[in-house]
Amino acid sequence: MPWKQIEPMNQRKEFVLKAIHARNFRQLCREYGISTKTGYKWRERFYQYGFEGMMELSRRPLSHAKELGEAVVCEIIRLKNAHRSWGPRKLRDIYQRLHGQVPSESSFKRILERVGLVEKRRVRRRSQAGRICSGRKAGAANEIWTVDFKGWWHRVDGGRCEPLTVRDEFSRYVLELRAMAKRNQVFRGLNSLRVTLR
């Protein structure tokens, strides 16, 4: 809408007051440099709201095309209240079994956060995490070695391979890497490892 830059609010007020009694509406719109459609819009706003209707309204849409309906949001909240320990992924799976069409997992997260049904995860201390850790830091090479399993993978024959690593804490140099068939072989592996590292 190309209103003149000098006080557009006053320009609109002046326009609508003239538009009420105008004989040639198109000519009036041309004088103010606006389209006929814009002129009709401002005149209708003046009829409905008076001078308060001359203010610029927000261009934000009133609703979102992918916005979830109230029934869907209520069902998600009902499921969460019935199963307080479940997260959005599990709730989404249950919702899909019950209703077929299902919103995205991020929609579930957003709804649960908005209504305050998300509990932040508690950070566990090392002693509670199930790892053995002395908390000591190595000051020189070969002062502290770490022994650990670094994940696992399937072997060519379909079996499971668990790599056992022995590493120098200071230099991060891997001293030994052994493929173990099972984790319970670790003590036998460590005994033979002690022999080879001497």
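The values are calculated or read from the model by the stated rules, or taken from the named source; none is laboratory data. Predicted model, so just to flag it, every value in this text is computed and none were measured. All Cβ positions, glycine included, derive from the backbone under ideal geometry; neighbour counts span all protein chains shown. Ligands, DNA and RNA are stripped out before the accessible areas are found, and what is left, the full protein with its side chains, is counted by its heavy atoms. Shrake-Rupley method; radii C 1.70, N 1.55, O 1.52, S 1.80 Å.
Here are some notes:
- Here region 37-116 has 51 percent of its accessible surface on carbon and sulfur atoms, given a 1.4 Å probe and all protein chains in place.
- GLN48-ARG78 pseudo-label distance in nm [points 7 Å out on the Cα-to-Cβ vector]: 3.6
- Stretchable slack from GLU14 to SER106, in nm (0.36 nm times residue separation minus alpha-carbon distance): 28.1 nm
- Potential lengthening of the chain between TRP86 and ARG26 amounts to 15.3 nm, from the contour at 0.36 nm per residue minus the alpha-carbon distance.
- Computed 3J(HN,Hα) for region 41-47, one whole-Hz value per residue from the Karplus formula 6.51 cos²θ - 1.76 cosθ + 1.60 where θ = phi - 60°, is 4, 5, 5, 5, 4, 5, 4, glycine and proline marked x.
- Distances between placed amide hydrogens fall under 5 Å for LEU175 paired with VAL166, ARG167, ASP168, all partners being 5 or more residues away or on another chain.
- Computed from phi, the 3J(HN,Hα) profile of region 82-88 under the Karplus parametrisation 6.51, -1.76, 1.60 (θ = phi - 60°) reads 6, 9, 5, 8, 7, x, x Hz, with x in place of Gly and Pro.
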